[in-house]
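Remarks on the structure that follows.
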Amino acid sequence: MAIHLDYTNMMSPPIEGGITAAEWSDAATAFTAAHKAVAGLHADRTLGFLDLPDDRELHRQTTDYVAQLRRDGRYPSDVVVLGIGGSALGPIALRTSLRAPGWNLLDDAARKGEPRLHVLDNVDPANIAALLSRLDLSRALFVVTSKSGGTAETMAQYMVVRGRLAAALGDEAAKQRLVFVTDPEKGALRAIARAEGVTALDIPANVGGRFSVMTPVGILPAALVGIDTGELLAGAAEMRTRCSSGDVRKNIAGTYACLQYLADQKHGRHVHVLMPYSDALRDMADWFVQLWAESLGKHRTPGDAGFGPTPLGALGATDQHSKVQLFMEGPGDKTVTFIAVEQGDVEVTIPKLHGDIPELAYLGGHDLGELLDIEQRATAGALARRGRPNMTLTLERVDAWHVGALFMFLEIATAYAGQLYGVNAFDQPGVELGKQFTYAMLGRADAEQARQEWNLLPKSNPDRVI
């Protein structure tokens, strides 16, 4: 079991305009400082995500709860996650990567009795109403995920669901169809849990939302649908060990962070594409986009122009027929990280048909997995030929161990990148003003200052509406 990073196509040579040997040497020195800073934050108990693979008590919260549901005869037919941002993207990536394709469309036999997993990651009323109308509420379990317990979108979803459950089942039965994932001590959800006896699992106080997939945020939905959560944590633990060295040449996450930082800051490669060549990992790209964007897009000092790369997800081979044209011949402002998979669980051989047609004859006898692998390597080579930097992250296979390792790899790389950019990778001040304006317009009592600021904004000019 292993994950490897081949960054040959990031360097000069062979890439014209790639990272030079001198730049890489300087990066090694910068990384030593970044590694020391991250280690210091961890020692100060700021970076709780690094401790999650060892937190057996936290893991046991999930496994004990899932076992209790089975003993009580309350095991659901449908699990519905109410959350947004990291609270939603992690569970979605886990479902896509580690459950069968089209999981929610399979019948009970094909799912081996495991529940469907739905993630409501928005407050679009059409989508929420449609899902609630087709669920058997007496057999559904709603996982309400908000560390603060005050996320407007998630709490609005919760209140809608709570009202539907109470109307259909009664107040007491409604509580049995709810579980909260929230801060251990504070916030509205924790208060409700204590007052009303609703089960609540912990997001450790020192783990931020986008770094929380290895808490019950991701572990609980995963366990409920039969994913081996012990293997997820084991893969994350092994990756953490691989990323312990202060020598960038021995630290895979440090290497990735330094490459992306140098490409951005020294070579104008401001867009960082993550392109899995596996449908199972397609939603990992969306999870990465939030992680990289919200962690690194910051002001270093008040009023500066702002810093940070722009992440972009893509999917191979699908996006060879859309985005790759831009990657090849558009602005030279991108790096591409491919994710390749060595071993698939299924092989499909292309029949030897139409041997008299040159455009088809060559395909016969090859496997679809072989075709996908060759297309990934061909795309990487074509980009390199055009001087477009890229690297390939290779997983031996897509299973719980490797997915856990991949999550941890990207999280640690983000922590290092924050230090290289000189920003705090663990806050998100840029989203707070929009939240405050939302609270003000909805009439939240403690949003008076935001309400006054909102009232000072320019009003829509009818002359500029067409």
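The values are calculated or read from the model by the stated rules, or taken from the named source; none is laboratory data. Bear in mind that the values here come from a model prediction, so they are computed numbers and not experimental data. A quick note on method: Cβ atoms are made from the backbone with ideal geometry, for glycine too, and the neighbour counts reach across all protein chains shown.
Numbers at a glance
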{"quantity": "Breaking point among (1) free of Cβ contacts under 8 Å to residues at least 60 places away in the same chain; (2) of a type outside the set (D, E, K, R); (3) touching a His at 6+ places or on another chain (Cβ under 8 Å), for L233", "calculated": "(1)"}
{"quantity": "Residue match in the stretch 355-373 (condition: at positive phi, without any contact (Cβ under 8 Å) to a residue 40 or more places away in the chain, surrounded by fewer than 20 Cβ atoms within 10 Å (Cβ to Cβ) and not hydrophobic (A, V, I, L, M, F, W, C))", "calculated": "yes"}
{"quantity": "Extreme residue, surrounded by the most Cβ atoms within 10 Å (Cβ to Cβ), among residues of the stretch 22-49 that are over 29 Å from D202 (Cβ atoms) and of a type in the set (S, T, Y)", "calculated": "T32"}
{"quantity": "Cross-chain or 6+ apart pairs with Cβ under 9 Å, the stretch 94-110 first and under 20 Å from G404 (Cβ atoms) and free of Cβ contacts under 8 Å to residues at least 60 places away in the same chain, then assigned to a loop (DSSP other than H, G, I, E, B) and charged (D, E, K, R)", "calculated": "A100/R111"}
{"quantity": "Sole exception among (1) out of contact with any Cys (no Cβ under 8 Å at 6 or more places or on another chain); (2) small (G, A, S); (3) under 30 Å from A382 (Cβ atoms) for S245, by number", "calculated": "(3)"}
{"quantity": "Residue that is assigned by TED's automatic domain parsing to the domain that holds L89, closer than 20 Å to E57 by Cα and over 20 Å from the mean Cα position of the chain (by Cα), where the choices are T199, T182", "calculated": "T199"}
{"quantity": "Any chance L220 is modelled with pLDDT of 95 or more, buried (at least 20 other Cβ atoms within 10 Å of the Cβ) and in the same structural domain as P76 (by TED's automatic domain parsing)", "calculated": "no"}
{"quantity": "Boolean, L372 is under 28 Å from A257 (Cα atoms) and in contact with a helix residue (DSSP H, G or I) (Cβ under 9 Å, 6 or more places away or on another chain)", "calculated": "no"}
{"quantity": "Selection status of V213, at pLDDT 95 or above, aliphatic (A, V, I, L, M), closer than 26 Å to V289 by Cβ and buried (at least 18 other Cβ atoms within 10 Å of the Cβ)", "calculated": "yes"}
{"quantity": "Scope the stretch 90-110; condition in a helix (DSSP H, G or I) and within 22 Å of the chain's Cα centre (by Cα); matching residues", "calculated": "G90, P91, I92, A93, L94, R95, T96, S97, L98, W103, N104"}
{"quantity": "Odd one out for S87 among (1) of a type outside the set (F, W, Y); (2) in a loop (DSSP other than H, G, I, E, B); (3) in contact with a Ser or Thr (Cβ under 6 Å, 6 or more places away or on another chain)", "calculated": "(2)"}
{"quantity": "Conditions (1) within 30 Å of G381 (Cβ to Cβ); (2) in a helix (DSSP H, G or I): number failed by Q61", "calculated": "(1)"}
{"quantity": "Selection within the stretch 428-466 - of a type in the set (S, T, Y) and either touching a Ser or Thr at 6+ places or on another chain (Cβ under 9 Å) or without any contact (Cβ under 8 Å) to a residue 12 or more places away in the chain (or both)", "calculated": "S460"}
{"quantity": "Count - residues of the stretch 1-36 that are touching a Phe, Trp or Tyr at 6+ places or on another chain (Cβ under 9 Å) and of a type in the set (G, A, S)", "calculated": "3"}
{"quantity": "Meets criteria (surrounded by 13 or more Cβ atoms within 10 Å (Cβ to Cβ) and under 24 Å from T62 (Cβ atoms)) for E114", "calculated": "yes"}
{"quantity": "Residue check for L406: crowded, with 22+ Cβ neighbours inside 10 Å and farther than 12 Å from W292 by Cα", "calculated": "yes"}
{"quantity": "Residue match in the stretch 10-28 (condition: of a type outside the set (S, T, N, Q), closer than 26 Å to R240 by Cβ and under 25 Å from the mean Cα position of the chain (by Cα))", "calculated": "yes"}
{"quantity": "In the stretch 65-91, the residues that are in contact with a strand residue (DSSP E or B) (Cβ under 8 Å, 6 or more places away or on another chain), in contact (Cβ under 8 Å) with a residue 60 or more places away in the chain, closer than 18 Å to Y158 by Cβ and of a type in the set (A, V, I, L, M)", "calculated": "V79, V80, V81, L82"}
{"quantity": "Pairs where the first residue, in the stretch 139-168, is assigned by TED's automatic domain parsing to the domain that holds R70 and at positive phi and the second is assigned to a helix (DSSP H, G or I) and surrounded by fewer than 23 Cβ atoms within 10 Å (Cβ to Cβ), C-beta under 8 Å, 6+ apart", "calculated": "G149/M155; G149/A188; G149/R190; G149/A191; G149/I192"}
{"quantity": "Residue check, G355 farther than 19 Å from N9 by Cβ, in contact with a strand residue (DSSP E or B) (Cβ under 8 Å, 6 or more places away or on another chain) and not assigned by TED's automatic domain parsing to the domain that holds R99", "calculated": "no"}
{"quantity": "Evaluation of Y75 against (1) more than 24 Å from the chain's Cα centre (by Cα); (2) in the same structural domain as S148 (by TED's automatic domain parsing); (3) over 21 Å from V143 (Cα atoms) (one fails), failing number", "calculated": "(3)"}
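The rows are residues; the columns are (1) more than 26 Å from A425 (Cβ to Cβ); (2) at pLDDT below 95.
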{"site": "E16", "(1), (2)": "yes, yes"}
{"site": "D26", "(1), (2)": "no, no"}
{"site": "L41", "(1), (2)": "no, no"}
{"site": "L47", "(1), (2)": "no, no"}
{"site": "V66", "(1), (2)": "yes, no"}
{"site": "L82", "(1), (2)": "yes, no"}
{"site": "G90", "(1), (2)": "no, no"}
{"site": "R99", "(1), (2)": "yes, no"}
{"site": "R111", "(1), (2)": "yes, no"}
